[in-house]
Amino acid sequence: MRDQFMTALKEAMKAGDKGRVAAVRLIQAAIKDKDIEARGAGKGQASDEEILGLMQKMIKQRQESASIYRANARPELAEIEEAEIAVIGSFMPKQLDETETKAAIAAAIAETGAAGMKDMGKVIALLRERFAGQMDFSKASGFVKAALSA
C-alpha cells in the first residue's frame, strides 16, 4: 500500500492536482505517525490492515467535519473535506453493502459458534480480521448485536 501512495503522489504532482497531492500527503503523514507510535510500542511498521483502519478513521473524521461545516453555512470548507474523502476512499477496497455485511456476519457467527451476546467480541474480532477496510464496523456491530439477541 505504501508504494501505491508514493505512485499516486508522483502522478498527482505531475498532473498538477494540488488537492490530490495534499490529500495523499495527509495519508502519508498519518501513516508515519502510526509507524512512530508502533515503534514506541516495540512493533515494526503499521500493517496494511492498520493502514486501512487508519484511513477509515480519516474518512469518518472528514465526514463529521463536512457535516459541521454544512450546518454552519461553510460549504466551501465542506467541499474541501469531501474532496479529501474522495481521494482517501479511492485507496480503500470496495465496501460491502448491507446484504453482503449481513451474510459475512452470519458466516462469522456460524464459524465462531457464537450463541449469545457474550460471544459478540469473538464475532467482531473475526470480522475485523477478514474485512478490514471493507466494512463499517459501527453498523456491523449493530447487526451482530441484533443477530445474537434474536
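The values are calculated or read from the model by the stated rules, or taken from the named source; none is laboratory data. Here the structure is a predicted model, which means the values were calculated and not measured. Quick reminder, even Gly has a Cβ in these numbers, built from the backbone with ideal geometry, and neighbours come from all protein chains shown.
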query = For the range 1-44, what are the residues that are over 18 Å from the mean Cα position of the chain (by Cα) and outside any helix (DSSP H, G or I)?
reply = G16, D17, A41, G42, K43, G44
message = Quick test of your reading of the structure: S67 fulfils all but one of (1) in a helix (DSSP H, G or I); (2) in contact with a Leu (Cβ under 7 Å, 6 or more places away or on another chain); (3) within 24 Å of M55 (Cβ to Cβ). Name the failing condition by number.
response = (2)
request  = Return yes when G116 is small (G, A, S) and under 13 Å from the mean Cα position of the chain (by Cα) and no when it is not.
outcome  = no
ask   = Which one of the conditions (1) farther than 23 Å from L54 by Cβ; (2) modelled with pLDDT of 95 or more; (3) among the small types (G, A, S) does A110 fail to meet, given that it meets all the rest?
value = (2)
message = Every residue in the range 1-47 that is surrounded by 14 or more Cβ atoms within 10 Å (Cβ to Cβ) and either of a type in the set (D, E) or touching a Ser or Thr at 6+ places or on another chain (Cβ under 7 Å) (or both), please.
response = D17, D35
request  = May I ask you to list the residues in the range 105-119 that are surrounded by 15 or more Cβ atoms within 10 Å (Cβ to Cβ) and in contact with a helix residue (DSSP H, G or I) (Cβ under 6 Å, 6 or more places away or on another chain)?
outcome  = I105, A108, I109, T112, A114
message = Only one of R128, R62 is under 29 Å from L9 (Cα atoms), part of a helix (DSSP H, G or I) and at pLDDT below 90. Can you tell me which?
response = R128
